[in-house]
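K.L.:
Have a look at this one.
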Amino acid sequence: MSTISQPQSVEINRLIANLGADLDSGLSLAEADDRLAQYGPNSLVSTPPVPVWRRFLAQFHDPLIYLLLGAIAISLGAWWFQGHQGWPIDAMVILFIVVANACIGFFQESRAIDAVAALRRMTRSQVTVRRGGQARLIAADDLVPGDILLLQEGDNVGADARLVEANALTIAEAALTGESTAVTKHPGRIEGEVPLGDRHNMVFRGTAVTQGTGVAVVTATGMDTEVGAVATMLSDTEQEETPLAKEIASVSRWLGVIVIVIAVLVMVTISLTSNIATMSDAVTVLFLGVSLAVAAVPEGLPAILSIVLSIGVQRMAARNAIVKDLHSVETLGSASVICSDKTGTLTTNEMTIQQVKTEGGTAHIAGVGYEPIGEVTCSTGQDINEVYDVLAGGALASNAELHREADDSWEIVGDPTEAAFFVAERKLADPIDRETRYERRGEVPFSSERKRMTTLSRDRETGEFVVVMKGAPDVVAKYCAQVDEAQVRADVAELSDQALRTIGIASRRLHPEHISEDLEDLERELIYEGTVGMIDPPRQEVREAIAQAQRAGIRVVMITGDHPATALRIAQDLGLVTAGGTALSGIELDKLTDAEFAEAVQDVNVFARVAPQHKLRIVDALQDAGHVVAMTGDGVNDAPALKSADIGVAMGITGTEVTKDAGAMILRDDNFATIIAAVRQGRDIFDNIKKFLRYLLSSNMGEVCTVFFGVIFAGALGLRGASTEDIVLPLLATQILWINLITDTGPALALGLDPETDDTMGRPPRATHERVINLGMWGIIFWVGAVMAISALLTMDFFLVGGFIPGSDNLEVARTAAFTTLVFSQLFNVFSSRSTTHSAFKDIASNQWLLGAVILGVVLQFMVVEVPFLQSAFGTASLDFEHWVVTIGFASLVLWAEESRKLIARIRNRV
């Protein structure tokens with residue numbers, strides 16, 4: 001068997017011979033097994049799975065992790081140089097944090113991989129083939145070239161195949177070509193090479209049969225299919241790094257520079273202001289510099305970031321969204337444009353009849369979707385029986401089915417347009433009488449050439465036969481003896497102006513002796529019953545979701561293969577455009593220059609009748625204009641656009657395997673409202689990231705400033721006079737590490753879980769050039785750090801003999817009080833860090849985790865100060881009641897300083 005190029009143009013007998021196929025009996029079981037071994041499974045070859053050990057090591061590939069690993073190495077070096085006595089606690093703590101962070105990231109990534117694999121198992125299809133002389137149901141993965149594929153309504157096409165037989169066969173190819181309507185297929189040779197959408201004698205993997213039956217011979221499987229060709233093209237599309245990943249990498253690099261500068265500056269300052277006489281003194285200075293450098297690094301940041309993002313991912317999973325990468329949650333939060341498909345995402349993907357026009361007037365039918373609930377309201381003078389005759393006639397001439405599931409939901413089998421008649425009929429009457437009364441005797445199926453469908457049914461009660469025609473109203477009217485064609489045209493125009501799809505219904509009753517064997521002979525002298533207007537209605541929750549997006553400064557763009565009028569109607573219903581808005585078609589886009597295209601993309605919110613390649617071009621143009629773009633898609637050809645977008649959102653129900661691979665997030669419910677929920681979640685997460693970054697860095701800055709200025713002003717504060725040592729420090733290295741231990745973990749993590757404190761959806765998206773830590777935030781960090789240092793040093797001066805404020809305590813007590821003040825200052829600071837403008841007292845009890853972390857911090861600090869064996873380990877002394885009161889008072893200065901700054905900021909904002 002040899003490979004055949006352009007199978008649509010090969011004479012069918014030659015093709016079958018070349019493939020070694022047998023139309024009557026199919027391949028033998030042994031031959032099928034041999035070919036499966038030769039060609040491999042009929043599956044797409046995705047990127048080889050990354051080994052577990054490599055996925056785990058990849059968690060350490062981060063600039064901040066490199067910084068922490070460097071801190072571990074320096075700490076271990078200082079510990080060894082000091083005589084390596086005891087355990088290197090600081091290095092062990094940082095190492096634990098680094099490993100914990102890697103485990104969290106690895107665990108979450110594994111969960112995402114498992115979720116995607118589960119989706120694939122759910123969507124794995126089976127096909128019917130003729131093998132060994134019998135029709136057999138097999139897994140699509142087991143198809144091989146030369147198999148005889150048997151197609152019927154509702155089947156997924158498992159491989160590329162050339163049609164041999166077709167009976168009213170229509171295929172939904174939107175997933176592959178972007179064509180929104182089903183394509184009528186027929187056998188026969190096609191000359192030469194033609195576009196994919198025009199190969200009407202071929203069926204392709206990833207498409208679905210919407211009507212009719214067919215027989216085809218498989219010509220290509222796996223990566224040799226058209227779907228496989230698109231999957232191969234994906235490797236040429238680069239995936240963008242998420243904005244958060246870029247930001248954290250940038251912050252990490254800056255922190256690395258700052259840490260080195262701080263360590264060197266402090267060590268040089270101490271050396272210049274102190275008498276370094278011995279090697280022990282030099283080691284003390286080195287160890288303090290290392291400790292301060294470690295203190296300046298928020299070593300809890302990677303773990304806290306991973307935990308916060310992981311929790312966000314879990315919350316999104318509960319809202320029907322599977323996020324494959326932790327940072328993708330935040331990326332949605334910074335999206336400025338969401339490009340969305342229409343069908344199934346903005347709409348229900350459930351065709352619904354809304355109006356029925358009869359000779360007596362217009363009936364309006366309420367309710368959406370397949371649940372048969374909704375009131376039917378007739379116009380004055382219109383007979384309800386006329387309306388029922390139209391709907392029952394449409395149902396009688398349909399092959400779809402409507403079922404009530406065990407969970408009371410309603411599902412259809414077959415064409416959604418036909419199912420709409422069953423739903424509307426049930427809103428008027430129980431269809432059981434019609435179903436039991438009429439027996440189908442014949443059918444002339446719909447085709448693109450006929451534009452109509454005709455059925456013949458026998459009335460069991462009267463013995464009469466009923467001919468029902470359903471199709472384009474102008475076509476149906478031509479076969480009617482009783483019809484006002486002008487009125488039909490007027491009705492169609494009125495319904496079309498509302499972007500409703502129109503279908504005409506006509507019927508005729510015949511005595512048995514008038515029945516002809518040729519059903520097409522009966523398509524005459526019909527009575528025109530009426531015209532229905534139907535539409536795939538917008539999801540009820542989407543309008544509110546779009547309003548939320550617009551309030552948040554996010555532009556929503558509809559990109560659909562549907563008709564411009566229908567797209568505009570849906571867009572207007574959802575509030576995407578106002579009355580009089582415009583839509584651009586793919587043909588119009590192709591006529592634009594690059595400059596005109598870029599301008600159009602900035603101004604137009606509805607693109608209709610577009611091909612999948614237009615989606616990629618639109619995404620690229622929006623990104624070139626500086627937007628962060630989220631892109632939804634379900635079809636194979638959507639995959640490059642999804643991969644190119646800042647975040648690709650694949651549909652979990654209608655999405656293809658290739659699309660789910662390309663997307664960073666998968667929607668289990670295909671619902672646009674889920675995307676907006678993810679946007680809110682992403683913004684909340686980003687706010688919380690800024691909160692704990694502001695908290696961590698300002699607290700660490702307080703420690704650095706306390707030691708730095710404590711050394712510089714040691715004489716003025718009375719530190720030198722209180723000690724006989726050559727090097728007098730305001731804080732010991734172990735105390736600095738302790739502060740980091742109890743303040744950089746629990747409180748910071750609790751901030752990462754903080755509920756919304758500011759109106760996250762009431763502000764525009766974060767600009768692409770905006771830093772996570774901008775100049776304003778750096779100003780707050782240095783301001784808060786300075787206030788903390790002043791509070792701690794004033795506390796020390798208050799109790800220490802000498803200095804600005806006369807005191808009576810020794811250095812050990814005064815240092816303990818300053819140490820405690822710094823700890824409590826950071827615990828006060830955690831409440832201030834919840835918002836840069838709102839008071840810390842607003843909803844202060846809304847975060848129970850934060851209250852618990854602060855209480856735990858207070859208890860631990862009390863133990864370090866008062867428990868004897870901890871006093872020895874951390875160089876502390878017991879404090880009396882007065883010490884505790886003064887300490888808390890000075891520590892609260894940071895809270896009052898921030899409250900004052902926020903009050904001024906609120907006043908300025910109002911002005």
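The values are calculated or read from the model by the stated rules, or taken from the named source; none is laboratory data. Predicted model, so just to flag it, every value in this text is computed and none were measured. Glycine also receives a Cβ, built like all others from the backbone with ideal geometry; neighbour counts cover every protein chain displayed.
K.L.:
Are any of the residues in region 406-418 over 31 Å from the mean Cα position of the chain (by Cα) and either among the hydroxyl-bearing types (Ser, Thr, Tyr) or not assigned by TED's automatic domain parsing to the domain that holds Asp573 (or both)?
P.N.:
Yes, the conditions are met somewhere in region 406-418.
K.L.:
Given (1) among the hydroxyl-bearing types (Ser, Thr, Tyr); (2) out of contact with any Gly (no Cβ under 7 Å at 6 or more places or on another chain); (3) buried (at least 23 other Cβ atoms within 10 Å of the Cβ), identify the lone condition not met by Ser644.
P.N.:
Single failed check for Ser644: (3).
K.L.:
Being more than 22 Å from Arg569 (Cα to Cα), free of Cβ contacts under 8 Å to residues at least 60 places away in the same chain and surrounded by 15 or more Cβ atoms within 10 Å (Cβ to Cβ): is that true of Ala395 here?
P.N.:
yes
K.L.:
Tell me whether region 305-314 contains one or more residues that are hydrophobic (A, V, I, L, M, F, W, C), surrounded by 22 or more Cβ atoms within 10 Å (Cβ to Cβ), within 12 Å of the chain's Cα centre (by Cα) and under 30 Å from Gly626 (Cβ atoms).
P.N.:
Scanning region 305-314 turns up at least one residue that is hydrophobic (A, V, I, L, M, F, W, C), surrounded by 22 or more Cβ atoms within 10 Å (Cβ to Cβ), within 12 Å of the chain's Cα centre (by Cα) and under 30 Å from Gly626 (Cβ atoms).
K.L.:
Give me the residue from region 730-784 that is of a type in the set (Phe, Trp, Tyr) and more than 22 Å from Ile844 (Cβ to Cβ) and, out of that set, modelled with the highest pLDDT.
P.N.:
Checked region 730-784; the qualifying residue modelled with the highest pLDDT is Phe782.
K.L.:
Return yes or no: is Ile587 modelled with pLDDT under 90, of a type in the set (A, V, I, L, M), assigned by TED's automatic domain parsing to the domain that holds Asp341 and crowded, with 22+ Cβ neighbours inside 10 Å?
P.N.:
no
K.L.:
Across region 157-171, which residue is surrounded by the most Cβ atoms within 10 Å (Cβ to Cβ) among those that are of a type in the set (Val, Ile, Thr) and in a strand (DSSP E or B)?
P.N.:
The extreme case among them is Ile171.
K.L.:
Does Arg834 fit the bill of being in the same structural domain as Cys705 (by TED's automatic domain parsing), crowded, with 17+ Cβ neighbours inside 10 Å, basic (Lys, Arg) and closer than 17 Å to Trp738 by Cα?
P.N.:
For Arg834, the condition - in the same structural domain as Cys705 (by TED's automatic domain parsing), crowded, with 17+ Cβ neighbours inside 10 Å, basic (Lys, Arg) and closer than 17 Å to Trp738 by Cα - is not met.
K.L.:
When the residues of region 606-619 are filtered to those that are modelled with pLDDT of 90 or more and touching a Ser or Thr at 6+ places or on another chain (Cβ under 9 Å), which remaining residue is surrounded by the most Cβ atoms within 10 Å (Cβ to Cβ)?
P.N.:
Result: Val619.
K.L.:
Give region 346-361 a look and list any residue that's crowded, with 19+ Cβ neighbours inside 10 Å, out of contact with any helix residue (DSSP H, G or I) (no Cβ under 8 Å at 6 or more places or on another chain) and outside any loop (DSSP other than H, G, I, E, B), or say none.
P.N.:
Gln354, the sole residue that qualifies.
K.L.:
Within the set of pairs 6 or more residues apart or between chains, which connect a residue that is within 13 Å of Thr706 (Cα to Cα) inside region 777-794 to a residue that is outside any helix (DSSP H, G or I) and among the small types (Gly, Ala, Ser) with Cβ atoms less than 9 Å apart?
P.N.:
Val784/Ser833; Ser791/Ser892
K.L.:
When the residues of region 5-30 are filtered to those that are in contact (Cβ under 8 Å) with a residue 60 or more places away in the chain and charged (D, E, K, R), which remaining residue is surrounded by the fewest Cβ atoms within 10 Å (Cβ to Cβ)?
P.N.:
Asp24
K.L.:
Scan region 528-539 and tell me whether some residue there is touching a residue at least 24 places away in the same chain (Cβ under 8 Å) and surrounded by fewer than 18 Cβ atoms within 10 Å (Cβ to Cβ).
P.N.:
No, the conditions are met nowhere in region 528-539.
K.L.:
Counting just the residues of region 754-804 that are among the polar types (S, T, N, Q) and buried (at least 17 other Cβ atoms within 10 Å of the Cβ), which one comes out farthest from Ser900 (Cα to Cα)?
P.N.:
The extreme case among them is Thr760.
K.L.:
Just wondering, is there one or more residues in region 626-648 that are in contact (Cβ under 8 Å) with a residue 40 or more places away in the chain, hydroxyl-bearing (Ser, Thr, Tyr) and touching a Ser or Thr at 6+ places or on another chain (Cβ under 7 Å)?
P.N.:
So far as region 626-648 goes, yes, one or more of its residues are in contact (Cβ under 8 Å) with a residue 40 or more places away in the chain, hydroxyl-bearing (Ser, Thr, Tyr) and touching a Ser or Thr at 6+ places or on another chain (Cβ under 7 Å).
K.L.:
For region 177-200, state whether one or more residues are among the aliphatic types (A, V, I, L, M), touching a strand residue (DSSP E or B) at 6+ places or on another chain (Cβ under 8 Å), surrounded by 21 or more Cβ atoms within 10 Å (Cβ to Cβ) and modelled with pLDDT under 80.
P.N.:
Yes: region 177-200 contains one or more residues that are among the aliphatic types (A, V, I, L, M), touching a strand residue (DSSP E or B) at 6+ places or on another chain (Cβ under 8 Å), surrounded by 21 or more Cβ atoms within 10 Å (Cβ to Cβ) and modelled with pLDDT under 80.
K.L.:
Separate question: Any idea which of Gly857, Gly803, Gly807 is small (Gly, Ala, Ser), at positive phi and in contact (Cβ under 8 Å) with a residue 40 or more places away in the chain?
P.N.:
Checking each option against the conditions leaves just Gly803.
K.L.:
Sort out which residues of region 525-553 are aliphatic (A, V, I, L, M) and under 23 Å from Ser585 (Cα atoms), and write them in order of number.
P.N.:
Those that are aliphatic (A, V, I, L, M) and under 23 Å from Ser585 (Cα atoms): Met534, Ile535, Ile546.
K.L.:
Any idea which of Gly889, Gly807, Gly875, Gly852 is assigned by TED's automatic domain parsing to the domain that holds Asp744, surrounded by 14 or more Cβ atoms within 10 Å (Cβ to Cβ) and out of contact with any Leu (no Cβ under 7 Å at 6 or more places or on another chain)?
P.N.:
Answer to the selection: Gly889.
K.L.:
Might you let me know whether region 503-512 holds any residue that is farther than 16 Å from Gly533 by Cα, charged (D, E, K, R) and free of Cβ contacts under 8 Å to residues at least 12 places away in the same chain?
P.N.:
The answer is no; no qualifying residue exists.
K.L.:
Still on this structure, please answer the following. Can you tell me which residue in region 687-700 is surrounded by the fewest Cβ atoms within 10 Å (Cβ to Cβ), limited to those that are of a type outside the set (D, E, K, R) and touching a Ser or Thr at 6+ places or on another chain (Cβ under 7 Å)?
P.N.:
Filtering region 687-700 for residues that are of a type outside the set (D, E, K, R) and touching a Ser or Thr at 6+ places or on another chain (Cβ under 7 Å), the one surrounded by the fewest Cβ atoms within 10 Å (Cβ to Cβ) comes out as Tyr695.
K.L.:
Tell me which of these Ala277 doesn't satisfy, since it passes every other one: (1) assigned to a helix (DSSP H, G or I); (2) more than 22 Å from Arg771 (Cα to Cα); (3) at pLDDT 65 or above.
P.N.:
With (1) assigned to a helix (DSSP H, G or I); (2) more than 22 Å from Arg771 (Cα to Cα); (3) at pLDDT 65 or above applied to Ala277, the lone miss is (1).
K.L.:
Residue by residue through region 748-783, note down the ones that are in a helix (DSSP H, G or I) and either in contact with a Gly (Cβ under 7 Å, 6 or more places away or on another chain) or polar (S, T, N, Q) (or both).
P.N.:
Those that are in a helix (DSSP H, G or I) and either in contact with a Gly (Cβ under 7 Å, 6 or more places away or on another chain) or polar (S, T, N, Q) (or both): Ala748, Thr760.
K.L.:
Quick one: is Arg440 out of contact with any strand residue (DSSP E or B) (no Cβ under 7 Å at 6 or more places or on another chain) and of a type in the set (Lys, Arg)?
P.N.:
no
K.L.:
Might you let me know whether region 504-522 holds any residue that is closer than 30 Å to Thr345 by Cβ and part of a loop (DSSP other than H, G, I, E, B)?
P.N.:
Scanning region 504-522 turns up no residue that is closer than 30 Å to Thr345 by Cβ and part of a loop (DSSP other than H, G, I, E, B).
K.L.:
Look through Ala621, Ala579 and report the one residue that is part of a loop (DSSP other than H, G, I, E, B) and of a type in the set (A, V, I, L, M, F, W, C).
P.N.:
After ruling out the rest, the residue left standing is Ala579.
K.L.:
Something else now. Against the definition (part of a strand (DSSP E or B), of a type outside the set (Asp, Glu) and closer than 28 Å to His614 by Cα), how does Ile322 come out, yes or no?
P.N.:
yes
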